[in-house]
1. Looking at the range 46-67, can you tell me whether even one residue there is within 17 Å of Q174 (Cα to Cα), modelled with pLDDT of 90 or more and in a helix (DSSP H, G or I)?
2. Within the range 118-163, how many residues are of a type outside the set (K, R), surrounded by 11 or more Cβ atoms within 10 Å (Cβ to Cβ), over 26 Å from E183 (Cβ atoms) and in contact (Cβ under 8 Å) with a residue 12 or more places away in the chain?
3. Select from the range 163-175 the residues that are part of a strand (DSSP E or B) and over 10 Å from T133 (Cβ atoms) and write down the one among them that is modelled with the highest pLDDT.
4. Taking G19 and the conditions (1) surrounded by 10 or more Cβ atoms within 10 Å (Cβ to Cβ); (2) at pLDDT below 85, which numbered condition does it fall short on, given that it satisfies the others?
Amino acid sequence: MGDLQKIKRQFTLLLSILGAVDLLLLVYLLLPGTSQSAKHAQEQSLQEQVNTLTREVTPLRGIDEKLAQTRVDVKKFYEQKVPTQYSQISQHLETLMKESGVSSTGIHYVPDPASKKEKDDLPDVQKISIDTTVSGEYSKIARFINAMEQDKFVFIIDQISLSSMESSGIVSLQIKCETFLRET
């Protein structure tokens with residue numbers, strides 16, 4: 001009988017241990033994120049995050065080379081399209097007037113009341129306001145305005161006002177525009 005008691009205790013102990021292991025495995029299976037489908041869903045979510053971040057970062061690849069090229073392009077633009085002296089602007093406008101067949105009473109540079117450099121202003125470039133009155137036939141004035149808009153220098157026409165119109169077909173327009181002067 002003593003052996004049977006001993007075997008019964010061992011069997012009870014073994015059954016208790018197996019029950020505890022079963023309980024632990026059941027808890028493991030029921031915990032969220034431990035099943036195969038939960039792991040697969042988590043893996044898909046992580047892959048979507050990787051894809052999203054890759055799409056966001058892709059435009060930034062090679063940014064160093066793009067910035068260097070942009071600096072070269074800006075320098076080239078300044079050299080070709082932005083004069084360094086007022087006289088270059090005047091001579092160029094007079095040439096455009098002569099080629100278009102219009103005349104002018106003069107070119108006046110208007111001081112910019114907000115001459116302080118703003119945060120968003122272009123570096124090493126000063127904005128110049130120009131006021132001039134041109135006279136000529138309507139078609140020639142239209143040709144002059146078109147030439148200004150398509151010119152190698154940057155001219156931004158702000159305002160055009162009719163000053164006078166003669167019966168002979170001669171029109172006088174006051175033109176206010178802006179250009180830029182490169183600081184050397």
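1. Step one: list which residues in the range 46-67 are within 17 Å of Q174 (Cα to Cα), which gives none.
The answer is no; no qualifying residue exists.
2. Here the count works out to 12.
3. As a first pass, look at the range 163-175 and keep what is part of a strand (DSSP E or B): 163-165, 170-175.
If we keep only those that are over 10 Å from T133 (Cβ atoms) too, we end up with 165, 170-171.
Working: M165: 77, I170: 86, V171: 90.
Here the residue is V171.
4. Unmet for G19, out of (1) surrounded by 10 or more Cβ atoms within 10 Å (Cβ to Cβ); (2) at pLDDT below 85: (2).
The values are calculated or read from the model by the stated rules, or taken from the named source; none is laboratory data. It should be emphasised that the depicted structure is a prediction, and the values quoted were computed from it without experimental measurement. Neighbour counts run over all protein chains shown; Cβ positions are idealised from the backbone, glycine included.
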